[in-house]
Amino acid sequence: MNVQNEIVKLRRELERHNRLYYVMDAPEISDYEYDMLMNRLKQLESEHPELITPDSPTQRVLGEALTQFVPVQHQVPLDSMADVFSYEELFAFGARMDSMLSDTHDYVVEPKIDGLSMSLEYEDGVFVRGATRGDGFVGEDVTENLRTVRSLPLRIEHAPKRLIVRGEVYMAKSVFEELNREREARGEQLLANPRNAAAGSMRQLDPKVTAARKLDLICFNLQYDSDRAYQTHIQTLETMREMGFPVVPSIRYDAIQDCVERITFLGENRDRFPFDMDGAVIKINSLQQRQVLGSTAKAPRWAVAFKYPPEKKESRVVDILVQVGRTGVLTPKVIVEPVRLAGTTVSAATLHNQDNIDRLDLRIGDTVLLQKAGEIIPEVLSVNRARRPENADIYVLPDYCPECGSPVARDFDGAALRCTSPECPAQRLRNLNHFASKEGMDIDGLGSSVCESLIQQDLVQSAADLYYLDREKLIGQGRMGERSAQKLLTAIEASKHAGLSRLLCALGIRQVGQKAAKTLAAHFGTLDRLLQADLEQLTAIPDVGEITATYITEWFANPQSRHLIQRLRDAGVDFESHEAQIDTRFAGYTFVLTGTLSRLTREEATAIIESYGGKASSSVSKKTSYVVAGESAGSKLTKAETLGIPILSEDEFFSMIQ
């Protein structure tokens, strides 16, 4: 067999197995055997790149990330659907159909998948473009991301000249739960529901990120077929299934009253389906009758979506546990007696913070009403106080971190309680990642996976431990060989001379980012001088407000912070500033620019003022120090004259900055 024939055969074989797996749910080979076929195809195509075609299974994930999504005008509009929330409203829809259609008519009932609606375009059987719904008329081109969805056929046999199919991209509930488990382990915010997860994944600029999310597809409408006319919706679904598309399960009924059985079944068995659903769709089956019925400005008249109410159940509170996240936030979690809710067994729910506990007046032993936010994350809706035990005590979050025993402090700008220790075990990975980042000490080769490996092997407890690492113990960590270990140690050694501003940023003091770190380093010159500064001295520095100053003093006052600094000092980390001393001649002054300056743009003048520690404002007030007036100065100049504020010409301003 020649190479071209083998490539064609492999492609057809892989697409056949894709269809068996994703559409027919009847796989014939193992994942390993599938991977071997794919690897053989990749090998042949790499040796003969001239034979690669866009519909090859190897082209599902391309190498280059996108820079933007291009708008797409839909050939056939992607309509939304009117909602009904009761059987009375459903029967009213049926009555309207009876009055508007003189002929007999039947219905189709389908689950309403909670995903991201897509238009899929094929030319001569080859997938050429996919677009989001957008506003129904214009969407966004997400073709390369859609290629990563394994259940999407890239080529269709015996296809029309042009075909448009409408489908729903979704994240399977099992995939979503695994993704949230991984995010929780990393201390990241949990995703609210599969739909949001699917939408966010499909809008990634890098298709490789989308591919890693393991999205799926199900199709529910044939929008356009250039070669064939159809009589019914059921007929189009059968045709799409024959073409290799995964198709929504549908059942036909003669009367609207008969649809209730299927709607009820879908609602009661939502947990049996791999996708999340928020309702059932009821459609007129005849395509000709759909044409007669037409659409309103918002939705088709021939279909409605029956929306299911969120399920709610009561359970008893067994305990309240407090978890410490990677950013140090204390998050209370209520433990309840296990209860079946929206398809899964629930034994815990988040309480968010102390304010929420106080609002609910929740106590251990209470009976609470639970619901899944977005049908996924359990939350407490209310407390049944009539069933409260007599000895139930008011619950208050601890004053000390349950992980390390350090004091906790409430955020100035929120309801969160946060551990104040920089060496808290719960925060190690996040702190270590930040310390080594480009904004921090810029340690090349110390990525998240290496940091995690070092912590798991108990080689690093805090950032200071990096400077005491042993070469022999490093080898073998995270697939690290001798050369990699030495390279990392060299990068760590070089970071000792990164300078004070990088060190201050790397320490992770709240609200001390790159800009504030540079300002502090330039102002104090050494870490020891900064350590001696009080609130008054800190707030006198431009761009350091009272809240930031408080965070700084509290961080340095913490014994664990002092311990960390001493170990960094002992390791030889440079505490001196490498920043040029800032000229603060405009510190405490506010300038307003008005009119046209001949030698500077407004942006350039603003940058100069800020570089000397001053502030540039867009409006004149009693707090304005100077108004710089160029040609054609207007109302700002008039207001400055009224308030008696000093006015500078462009030459006078230049004299000040020179």
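With each label modelled as a point 7 angstrom along the Cα→C-beta vector, the Arg183-Asn39 pair spans 3.3 nm. Summarised as an ellipsoid, the range 82-307 has semi-axes of 30, 23, 14 Å, derived from the eigenvalues of the Cα gyration tensor scaled by 5 and square-rooted, with the largest first.
Report the FRET efficiency, 1/(1 + (r/R0)^6), for Leu190 and Val339, where r is their Cβ-Cβ distance and R0 is 22 Å, rounded to 0.05.
Step by step, r from the Cβ atoms, then E = 0.65.
Label sites at Glu493 and Thr264, each approximated as a point 7 angstrom past Cα along Cα to Cβ, lie 7.7 nm apart. Cross-linked pairs Lys173/Lys313; Lys208/Lys333; Lys496/Lys518; Lys473/Lys496; Lys208/Lys372; Lys42/Lys161: Cα-Cα separations exceed 26 Å for Lys208/Lys333; Lys208/Lys372; Lys42/Lys161. Reported to the nearest whole Å, the Cα centre-to-centre distance from the range 176-249 to the range 469-511 is 42. Remark: the Leu643-His48 segment gains 206.4 nm on full extension, using 0.36 nm per residue and subtracting the alpha carbon distance. Taking every DSSP helix (H) stretch of at least 4 residues in the chain, weighting each as -39,500 (n - 2.57) and dividing the sum by the residue count yields a mean residue ellipticity at 222 nm of -10500 deg cm²/dmol.
Around the Cα centre of the range 311-419, unit charges on the Cβ atoms of Lys, Arg, Asp and Glu (plus for the first two, minus for the last two) sum to a dipole of about 280 debye.
Efficiency by 1/(1 + (r/R0)^6): what FRET value for Gln532 and Tyr589, r their Cβ-Cβ distance, R0 = 45 Å, to the nearest 0.05?
0.95
Taking trypsin sites (Lys or Arg not before Pro) across the range 274-310, the ones in a DSSP loop with at most 14 further Cβ atoms lying within 10 angstrom of their Cβ are Lys298. A Förster radius of 56 Å combined with the Cβ-Cβ distance from Ser484 to Glu157 puts the calculated FRET efficiency at roughly 0.70. Between the labelled values (i) 1.24; (ii) 0.99; (iii) 1.37, the entry that holds Cα Rg over 2.2 N^0.38 Å as derived from this structure is (i). Length gained on full extension, Arg129 to Arg387, computed as 0.36 nm times the residue gap minus the Cα-Cα distance: 87.1 nm.
Take 135-145, 387-397 and order them by the average number of nearby Cβ atoms within 10 Å per residue, most first; the result is 135-145, 387-397.
No lab work stands behind these numbers, since they all come straight from the coordinates. What you see is a predicted model; the values in this text were computed from it and never measured. As a convention, Cβ positions derive from the backbone with ideal geometry for all residues, glycine included, and neighbour counts pool all protein chains shown.
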